1. With A:T27, A:T113, A:T68 as the choices, which residue is within 14 Å of chain B (Cβ to nearest Cβ) and either free of Cβ contacts under 8 Å to residues at least 60 places away in the same chain or part of a helix (DSSP H, G or I) (or both)?
2. For B:V353, all conditions in the list (1) in contact with a Gly (Cβ under 9 Å, 6 or more places away or on another chain); (2) in contact (Cβ under 8 Å) with a residue 12 or more places away in the chain; (3) within 14 Å of another protein chain (Cβ to nearest Cβ); (4) more than 30 Å from B:W267 (Cβ to Cβ) hold save one; what is the number of the exception?
3. In the range A:99-129, what residues are open to solvent by less than 50 Å² (accessible area, probe 1.4 Å) and within 23 Å of A:G154 (Cα to Cα)?
4. I need a count of the residues in the range B:365-390 that are facing chain A (nearest Cβ under 10 Å) and within 8 Å of ligand 3 (Cβ to nearest atom).
5. Any residue in the range B:283-312 that's among the aromatic types (F, W, Y): show its pairings with residues that are within 16 Å of ligand 3 (Cβ to nearest atom) at Cβ separation under 6 Å, as long as the two are six or more apart or on different chains.
6. Looking at the range B:100-113, which of its residues are modelled with pLDDT of 95 or more and either away from ligand 2 (no atom under 16 Å from the Cβ) or acidic (D, E) (or both)?
7. What pairs can you find where one residue is in the range A:360-380 and outside any loop (DSSP other than H, G, I, E, B), the other is of a type in the set (S, T, N, Q), and their Cβ atoms are less than 6 Å apart, with a gap of 6+ or different chains?
8. Could you identify the single residue in B:I347, B:I299 that is open to solvent by less than 90 Å² (accessible area, probe 1.4 Å), over 30 Å from B:G384 (Cβ atoms) and either at pLDDT 95 or above or more than 14 Å from chain A (Cβ to nearest Cβ) (or both)?
Amino acid sequence: MSKLPATRSETVFVDAKPGYSPVQALTEANRCLYCADAPCVQACPTGIDIPEFIRKIATDNLRGSARTIFDANIFGMSCARVCPVEVLCVGKCVYNEMDVPPIQIGKLQRYATDAAFERGDRFFEAGPDSGKKVALLGGGPASLAAAHELRRKGHACTIFEQAELLGGLSTTGVAPYKMKADRALEEVEWVLGIGGVEVRTGVQIGVDISVEELLRDFDAVFVGLGLGADRLLHLPGGDLAGIRGAVDWIAEIKTDKAALGGVRRAVVIGGGNTAIDTVRELRGLGIPEVSLAYRGAEAQMSGYVHEWSWAKVEGVRGVFGAQPLAYIGEGGAVTGVRFARLDAERQPIAGEELTLEADLVLLAIGQGRLGELLGETEGITLERGRLIVDDAGRTGNPKIFAGGDCANGGKEVVNAVDEGKRAAIAIDLAFGQALCGGEAT
Amino acid sequence: MSTIVSPDLTANCAGIITPNPFWLASAPPTNSGDQIMRAFDAGWGGAVWKTLGQPIQNVSSRFGGLHYRGTRGIGFNNIELITDRPVETNLREIAEVKRRYPKHGVIVSLMVESRDEWQDLIKRSIDAGADGLELNFGCPHGMCERGMGSAVGQEPKLNETITSWAAEFSTIPVLVKLTPNVDNIVPHGLAAQRGGADGVSLINTIKSVIGIDIDNFVPLPKVDGRSTNGGYCGPAVKPIALHMVSSLGRAPEFNLPISGIGGISNWRDAVEFILLGSSSVQVCTEVMLRGYRVVEDMIEGLTEYMRRQGFANLGEMVGRAVPNLSEWGDLDLNHETVAKINPTSCIGCQACVVACHDGAHQCIHPAEDKSVRVPVVDESECVGCNLCEIVCPVPGCITMEEVDNGFAPASWNQHAEEGLTLRPKKGVHT
Ligand SMILES: Cc1cc2nc3c(=O)[nH]c(=O)nc-3n(C[C@H](O)[C@H](O)[C@H](O)COP(=O)(O)OP(=O)(O)OC[C@H]3O[C@@H](n4cnc5c(N)ncnc54)[C@H](O)[C@@H]3O)c2cc1C
Ligand SMILES: Cc1cc2nc3c(=O)[nH]c(=O)nc-3n(C[C@H](O)[C@H](O)[C@H](O)COP(=O)(O)O)c2cc1C
Ligand code: SF4
């Protein structure tokens, strides 16, 4: 992609789960038991008919296989790479019940969708023009999935994105050993290939254009703004150079060449998936000493066990029961972090402190919420910055719908896609009802 | 320490005695003396030499495979003919093999046309040291167009006549190899018996088209853009072969020994053929695909089986399953079984639910509690058809359990002739 420098840091990574060759895919596909009412399907937020797409790989109906996937999930190509399948579909494969290795659903999905993508297959057409216009706020997976579904139903779409690149965290957040930014952008383009989606990048909602204006100019508004910036810790020494938010840093290695020249020791603070991704990325970029420091015990980490196990294999050190007290620095740059030792109840143990030396400190303790943007809007309810929606993505305002991280509080790409699609269906339904209502009066 | 007495695997099929019942069928694995000696070294008890006759010219390509769900070669077909090597070469090698392996069985397969040719080739085979002859009345392609092979096997009169020539000329046992390309095998076995054969071998290959190149519209295997029907064999034909072997095994007027052939891939298949009346078994496809080495497991598996069953020698097991074959009309209609699902081994795939709903009698249902994946069998509707047990991927998870319904046994024939009462039907959904 022209917008991405070829020298960006992420390019050194190789796929942690490489794609299948045709024989590998066939061998795996032929193992599938073709379950009925399959548990793997139930475990997929987008409900892809997994046994069906696998059967189609086995019969060499690759195009049909991809169609089955994309029909349920237009981001099937990236989900195949980035979904935590171990806790979703693959985790529910019935083979687990027999202690037989479960079907590698993600790899098979990647095989089918990559093949379709390489061939340039297209599966969906825009519906006949409905005359309705929808504004989509944010250009991440939630808005893109919503826009695609809305286009299938013939509604005009405009996406407003503050950044220059589309794809949201799918482009700038996902670990490069799962998927690199160029693939994410290619996928976005492929999704937008349905046509009729106006994209306005570099436009910040709330600054360049207000929600009120959008409500005035569009028939419906979908909010897919994701989460806000990294949360930081307000501790002594917080101004020192070399202290950053983890998501911000990840975006840099994914889209640019990060300056890591002087970094030998890095400390990542947090115990979730962003923290685990960050330590693995640091190791992958050649930082010799990488530590993850977390307040709770190892077993309490909210990040996935399988990802943390890999991090340890890759040489990451875990420091648990450690609460940051202050940053230490020299000459304006950070040199370490001082921690209080916590007991099992997370209470500081008097007199027990710990210092980790660090040239780079990345904070992965969560992201802010963007709710304030809509806080004043009629009918909108916020819960700790999260937009409250029903199952169909409806807010209390009949013209405003929402999905993805801004509504679910931060889950996965697959949830954002599912919620975006469901909101699009609800918008379409609302348009239909409005039309019927109009005719009746 | 008690000594374990090993069962005796020595086979005697129509007077041809071999160290074990495993023979290579007449086919590419028995093309040459070199190959057969390697096979004997691997453990094969006998070999039926690739059919001798007027050397032919073969086509390329020759074989086709049937692949299913990732398993290659569950079926196999070929359009090759009998040996393409000179008779003299074959006979010289037969003599050499017999000189070096006197205890192993060398059976020479023959296919020629005139009485004189039969006489000549039989004499020369016996002179070379053959332990037995096999008359190839089975090849279903190419040779039959020239009035040989299955063209003979399909005509009982012709079969009887040529068999009688062989019986007349031969001083060693004569087997007649039957073709399965007939509607009822019994008259053909009887024709061989009348002709004076010492035994029969069956089956040869089944007429088939193995597949089509769907991009170029050409049947397989391709010979310069065209094809022809071939002979089908391999694991997929075993049920057909078993039926034919059992038909002869059951026919009261048929009393020749049988050499069983068709889809034998392992010791278990061999046991099945023996239990239906085969006193030796022949293997082609499995060896073509995996080599002579497969015999090691066959011998071991058979030995273990015999030991487990307490059979001291093969004679004790030949035909043991034959008495349990009967006409449909004599089966007990009041015998009732229902499917039981073992909830601890069930993995919740619900393959049985779909199969029973769409392919049987709609009586396996998902549990009412959605969090439970183990399905429920409605035993009042289950007809005991086995479909669920067949589709279940967990061995032993679904079993068919007998139900005591209080009805005395009654077959259709007994019902029709003696008026015995039949139990009410299940799963009819009237
Ligand atoms: C480090 C990290 C790694 C992750 N790894 C995975 C993974 O491996 N697998 C997985 O499934 N999920 C992963 N996720 C989660 C996943 O990326 C998100 O759940 C998903 O991207 C949410 O989609 P979204 O469209 O709701 O929001 P986002 O992807 O966050 O998109 C929101 C978009 O809105 C834009 N925006 C925000 N405010 C404004 C504004 N005021 N005006 C205009 N535009 C605005 C943003 O720039 C952004 O492009 C990860 C997340 C992070 C942080
Ligand atoms: C390539 C090939 C060539 C064969 N040639 C002969 C032959 O020359 N004479 C013969 O009697 N049977 C021939 N057969 C049939 C086999 O001997 C055997 O009867 C048949 O393949 C069934 O056994 P299987 O299922 O173990 O292969 C041939 C089979 C194959 C596959
Ligand atoms: S035995 Fe047949 S009828 Fe009975 S439950 Fe199984 S599939 Fe259904």
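The values are calculated or read from the model by the stated rules, or taken from the named source; none is laboratory data. The shown structure was predicted, so the numbers you read here are calculated from the model rather than taken from an experiment. With ideal geometry, Cβ positions are generated from the backbone for all residues, glycine too; neighbour counts draw on all protein chains shown. What goes into the accessible areas is simple: the full protein's heavy atoms, side chains included, and nothing from ligands, DNA or RNA. Shrake-Rupley method; radii C 1.70, N 1.55, O 1.52, S 1.80 Å.
1. Details: A:T113 fails: within 14 Å of chain B (Cβ to nearest Cβ); A:T68 fails: within 14 Å of chain B (Cβ to nearest Cβ).
Sole residue among the options that is within 14 Å of chain B (Cβ to nearest Cβ) and either free of Cβ contacts under 8 Å to residues at least 60 places away in the same chain or part of a helix (DSSP H, G or I) (or both): A:T27.
2. Failed condition: (1).
3. A:G120, A:D121, A:F123, A:F124, A:A126, A:G127
4. Step one: filter the range B:365-390 for residues facing chain A (nearest Cβ under 10 Å), giving B:366, B:370, B:373, B:375.
Filter again for within 8 Å of ligand 3 (Cβ to nearest atom), leaving none.
Of the residues in that region, 0 qualify.
5. Nothing qualifies.
6. Within the range B:100-113, B:R100, B:Y101, B:P102, B:K103, B:H104 meet the criteria.
7. Taking only residues 6 or more apart or on different chains, the pairs are A:L362/A:T278.
8. On the way: B:I347 fails: over 30 Å from B:G384 (Cβ atoms).
After ruling out the rest, the residue left standing is B:I299.
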